[in-house]
Every structure is written in structure tokens, then in C-alpha cells.
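Engineer: Dumping the structure here so I can ask a few things about it.
Where a number appears in this text, it was derived from the coordinates with a stated rule and is not lab data. Note that the coordinates shown come from a computational prediction; the quantities given were computed from them, not determined experimentally. Note that we place each Cβ from the backbone using ideal geometry, even for glycine, and neighbour counts take in every protein chain shown.
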Amino acid sequence: MARGTRCRNARRRNTPAIGRLGWDPLSGLLLSVTAMLLGELSFHLYIRPRQLVALFAAALIENVGYRQLSAWWRLKGLMIRATRRKSGWGTMT
């Protein structure tokens, strides 16, 4: 193979960040639900089906809402730290 050429089948697969927005929460949810399923099959901790539904709802909220909110808070904190703006707890009453 000549220098500077690539094989036809070797394609670069760069997934843009906007394309990953759909996959990231789903993969986190899949991991949480799998852990719930394995825990339930192993230990039978939850007596009522309502308890499993509540646990699934918590896993959904964490992976779809809370993680993105937490990432936003961390990004804001990083930008405050990088720009060396004075930050603090504010006035305590």
C-alpha cells in the first residue's frame, strides 16, 4: 500500500456529541436496570412490584435528568475556577 492511502474499509467513525446524546442516557439506564435485575434475581429484596417500579423510576430520573444537571454544575464550577473569579458560599444567615 502506498504511503498516504488508506484501506477502503478503514473509515473513521467520529460520533459527534449531539449524536451521542441519545445513547448515553440509554446505556446508563441499561446498566442500572441490569444491576436491578441481577440484584432481584439473587437476593429477592423487593416484596411488592411497586418497589421495583419506584426503583426503575429513580434509575430513569438519574440517567435522563440528574446526570446532565450534575455535568452542568461541574462545568460551571470549572469555568469559575479557570477564570479565577471569586466564589464562595455567600452570606450565611
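Engineer: Could you give the nm distance between label points at residue 67 and residue 24, where each point is 7 Å from its Cα heading toward the beta carbon?
Structural biologist: Using points 7 Å along Cα→Cβ, the separation is 0.8 nm.
Engineer: When the scattering of the stretch 23-93 is computed by the Debye formula from its Cα atoms alone, each counted once and equally, what is log10 I(q)/I(0) at q = 0.14, 0.16, 0.22, 0.25 Å⁻¹?
Structural biologist: With no solvent term, the Cα-only Debye profile gives -0.63, -0.70, -0.94, -1.09.
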